[in-house]
Each structure stands twice: as structure tokens, then as C-alpha cells.
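Before we start, here is the structure in question, set down as C-alpha cells.
The values are calculated or read from the model by the stated rules, or taken from the named source; none is laboratory data. From a predicted model like this one, the values you see are computed outputs, not experimental measurements. Positions of Cβ are generated from backbone atoms using ideal geometry, with glycine treated the same way; all protein chains shown enter the neighbour counts. Ligands, DNA and RNA are excluded from the accessible area calculation, which covers all protein heavy atoms including side chains. Shrake-Rupley method; radii C 1.70, N 1.55, O 1.52, S 1.80 Å.
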Amino acid sequence: MKNAVPNEFNPPWWYSFFFSSYLSRRALYKSLKENSHHVEGVTLDFGCGSKPYESIFNAEKYIGVDIQSSGHDHASSKVDDFYDGNSLPYPDESFNSIFSSEVFEHVSNIDEMILELNRVLKDGGKMLITIPFAIHEHEIPYDFRRFTTFGIENILNKNGFEIEKIEPSNHYLEAIFQLLIWYFTLSFKSKNKITTFFKTALFIMPLNFLAIVLPSLLPRNNSFYSNLTILAKKKDK
């Protein structure tokens with residue numbers, strides 16, 4: 001039986017009282033769940049880390065690949081294979097689908113790696129990815145870029161993929177409130193974890209509440225967002 005998605009990647013409602021990434025993670029999980037049926041067969045999780053979303057996919061076989069040198073250690077990782085940063089250790093057309101979440105911003109040679117992903121994907125195979133847009137620098141110094149909808153479409157198109165869907169996982173107001181929460185969390189961060197918790201909780205809960213309530217009262221705008229979810233298909237040869 002597959003392990004459930006960890007709470008930090010599928011936060012329950014009561015996490016809104018103290019979890020600083022509640023808004024973005026809640027929206028990201030919902031978006032991935034809605035698109036999970038596209039991930040099937042023999043699947044590659046590129047930049048897999050701890051494979052937090054594995055259980056939402058109905059994959060025949062789920063293989064995780066990651067790079068050894070990154071902005072985080074691999075103490076909790078579930079990596080099946082490491083790659084050297086240039087080429088993936090698999091033959092051509094090894095996978096029916098590819099999944100990658102919040103990874104592309106950390107790949108220095110992004111064009112070359114998208115071509116590698118295209119190489120190991122079977123003809124007609126699909127790739128489901130998520131990328132951040134409105135977020136602070138993270139996993140330093142391995143944080144290289146942010147993509148707009150037009151930027152990610154351009155780089156995927158020129159490297160052998162055609163876009164089937166691009167959609168923000170949340171909207172303008174949620175993204176703004178998420179940034180405010182991260183600002184207070186980073187500003188009040190200290191060595192004393194208890195002090196940090198209570199200081200940040202004073203801001204996290206009310207801002208999360210406003211971010212949930214206000215969109216129902218104000219016009220929705222999707223031109224600014226925390227993350228994008230992209231579904232792409234390997235182009236026919």
C-alpha cells in the first residue's frame with residue numbers, strides 16, 4: 001500500500017493556523033490531484049526528493065531520479081537513481097510519463113535536461129510538471145530562474161514538447177497573501193523555535209483566513225500566481 005501524501009504537501013485545514021506554505025501547497029496539491037490521471041504506466045519522477053506525491057498517481061512503476069549536489073541533503077529522499085547533471089541513466093523511450101514538481105528552477109542547464117527528458121519519454125508520452133513563480137529564493141545557491149506561462153511554453157516547445165495545458169495553481173490574491181506570510185515567517189525567524197512559532201502564528205492564521213475569504217468577495221485575477229501546473233506531450237517525430 002502506498003504511503004499517503006505528507007501533510008506538508010497536502011495540508012489539512014487546521015494547518016492554516018501555523019503552516020507558512022499552507023496556501024501554495026494546498027493549491028498545488030489540488031492542481032496535481034486534478035491532473036494525476038495523466039501520469040500512468042512506467043513513470044519517472046525527475047528531481048524526486050522524498051517522492052511526496054507518489055501516492056496520487058496510478059503508475060505501473062514509479063522511478064525517482066535526482067542529483068547528488070543540490071540545495072538540500074538527501075536524508076529523507078527516496079532516490080532510486082542519481083544522475084550527473086547532464087544525462088539521465090536510462091535508454092531512449094524508457095518511460096510512459098514523467099512527473100516533476102518544483103524542480104526546473106534548480107536546473108542550471110535547463111534546455112539540455114528537457115531534451116534528455118524528451119529522449120527517455122516514449123512517443124506520445126506526457127509530462128506533468130509544476131514550477132514556482134512568486135516565491136523567495138530557496139535551496140540557495142541552486143535557484144536559477146522563474147518562468148512565466150509564455151516562458152515555459154517557449155522552452156518546452158523548442159525542446160520537443162507540445163503544450164496541452166498551462167494553468168496557475170492559485171490566483172493573484174492568494175499569491176499576495178502567501179508572499180506576506182513568507183515575509184513575516186522569514187523576518188521573525190530565530191534560533192528559539194517556540195518564539196518563532198508564536199510570532200509567525202499571529203500573522204499566518206489571519207492572513208490565511210483573508211486569502212480564503214476575500215476571493216469570494218472580489219474579482220478573480222489569474223495574471224499573478226504562486227505556481228504553474230503544465231501538461232506537455234512529446235511531439236511526434
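Towards the positive end of the charge dipole of the chain, with charges on Cβ (+1 Lys, Arg; -1 Asp, Glu), say which of Thr185, Phe147, Ala59 has the farthest Cα.
Checked the options; the winner is Thr185.
Tell me the angle of helix 193-213 to the major Cα principal axis of the chain, expressed in degrees between 0 and 90 and rounded to the nearest ten.
In the chain, helix 193-213 runs at an angle near 80 degrees to the longest axis.
Follow-up. Can you give the helix-only mean residue ellipticity at 222 nm for the chain, where every DSSP H stretch with n ≥ 4 adds -39500 (n - 2.57) and the sum goes over all residues, rounded to the nearest 500 deg cm²/dmol?
Taking each H run of at least 4 residues, the total per residue is -9500 deg cm²/dmol.
In Å², what does the accessible area per residue of the stretch 169-217 work out to with a 1.4 Å probe?
62
Tilt of helix 110-120 relative to the longest C-alpha principal axis of the chain, in degrees (0 to 90, nearest 10)?
50
Can you pull the percent of the stretch 104-209's accessible area that's carbon plus sulfur, 1.4 Å probe, other chains left in place?
Ligands and nucleic acids excluded, carbon and sulfur reach 62 percent.
Net charge around Gly64, counting only other residues with Cβ within less than 10 Å of its Cβ (Lys, Arg = +1; Asp, Glu = -1)?
Working: positive: Lys51, Lys78; negative: Asp45, Glu54, Asp66, Asp80, Asp81.
With Lys, Arg at +1 and Asp, Glu at -1, the neighbours total -3.
To the nearest 10 degrees, how steep is helix 172-187 against the longest Cα principal axis of the chain, on a 0 to 90 scale?
70
Need one word for the stretch 39-135: rounded, prolate or oblate. Basis is the Cα gyration tensor (sqrt eigenvalues a ≥ b ≥ c); a/c below 1.5 gives rounded, then a/b vs b/c decides.
rounded
May I ask you to order 126-133, 210-217, 33-40 by the average number of other C-beta atoms within 10 Å around their residues, highest value first?
Answer by packing, highest mean first, reads 126-133, 33-40, 210-217.
For a test of the definition: using alpha carbon positions, the gyration tensor, and the 1.5 limit on a/c, classify the stretch 32-94 as rounded, prolate or oblate.
Numbers: a/c = 2.36, a/b = 1.32, b/c = 1.79.
In terms of gyration-tensor shape, oblate.
Accessible area per residue for the stretch 72-119 in Å², computed with a 1.4 Å probe and the full protein assembly in place, what is it?
On the way: 2170 Å² over 48 residues.
Accessible surface, normalised per residue, equals 45 Å².
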